[in-house]
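Here's the structure we're looking at; comments come further down.
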Amino acid sequence: LLGKVGRIAPDKRDRVLCAVDELGYLPVRPVLQNRSERTGVLALALHDPVFARYDFHSQVHAGICEAALRHDYDVLTVLRAEPDWAAKRTAVRLLDRRSDGILFLPSGGDNTATFRAMVQHGIPAVACYQRDVPQGIAWVDPDNQAAIQGVVDLLVISGHTRIAHFTSSISAHFDFRERARAF
């Protein structure tokens, strides 16, 4: 099937896709799936390519690349769209063992199902700027409270008395919520 339209009769394709959905089947290339040697690749998963446009993520990306070079790793950015038959299973593109681990930059959505798939398949993963992750997923997050306190202290020392906190419209994101709470 391989997601190709026109290779089999439409009704047969529909039956196969129904079975794929019912069974929760995730095709992973067996040669890669069973690989145990080091790939020398760190995957950077951007679930929402809009985040890649922000200058902040450009700086984060540069830092990731610098660290990867120090540890003799290449960085693979994963942006491919999911095939139509896997629309509800966002982890499909991450399970083929092309990398030694996956670093997740934030997205506006809920990544819990993807994180659970990483744990289930034994794929090392780290969530950035998010602590509310399933057991088995590592996370890194700055000290949002200290960051906000430092900014407010600097503004007060500079003589400001009316200070407001603005955040992105993606207020459901963990670190945005933490900074707003700390403010």
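The values are calculated or read from the model by the stated rules, or taken from the named source; none is laboratory data. Note that the structure is predicted; figures quoted are calculated from it, not measured. Glycine gets a Cβ as well: all are built from the backbone with ideal geometry, and neighbour counts include every protein chain shown. Ligands, DNA and RNA are excluded from the accessible area calculation, which covers all protein heavy atoms including side chains. Shrake-Rupley method; radii C 1.70, N 1.55, O 1.52, S 1.80 Å.
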Discussion item. Looking at the stretch 11-50 only, could you name the residues that are open to solvent by less than 80 Å² (accessible area, probe 1.4 Å), over 30 Å from Y73 (Cα atoms) and either at pLDDT 70 or above or aliphatic (A, V, I, L, M) (or both)?
Written reply: R13, V16, L17, C18, A19, V20, D21
Practice prompt. Among the residues of the stretch 155-180, write down those that are more than 30 Å from G101 (Cβ to Cβ) and either modelled with pLDDT under 80 or surrounded by fewer than 11 Cβ atoms within 10 Å (Cβ to Cβ) (or both).
Written response: I157, S158, G159, H160, T161, R162, I163, A164, F166, S169
Practice prompt. Looking only at the stretch 142-154, decide whether some residue is part of a loop (DSSP other than H, G, I, E, B) and either charged (D, E, K, R) or at pLDDT 80 or above (or both).
Written response: yes
Worksheet entry | Residue satisfying all of: in the stretch 100-132; touching an Asp or Glu at 6+ places or on another chain (Cβ under 8 Å) and open to solvent by 40 Å² or more (accessible area, probe 1.4 Å); farthest from G63 (Cα to Cα) among these | G109
Item to complete: Could you tell me whether any residue of the stretch 128-136 is part of a loop (DSSP other than H, G, I, E, B), free of Cβ contacts under 8 Å to residues at least 12 places away in the same chain and β-branched (V, I, T)?
Response: no
Worksheet, complete the sentence: Only unsatisfied item for Q135, checking (1) of a type outside the set (V, I, T); (2) loosely packed, with under 14 Cβ neighbours inside 10 Å; (3) under 16 Å from L94 (Cβ atoms), is (3)
Practice prompt. Within the stretch 138-151, track down each residue that is more than 18 Å from I64 (Cα to Cα) and open to solvent by 30 Å² or more (accessible area, probe 1.4 Å).
Written response: D143, Q145, A146, A147, Q149, G150, V151
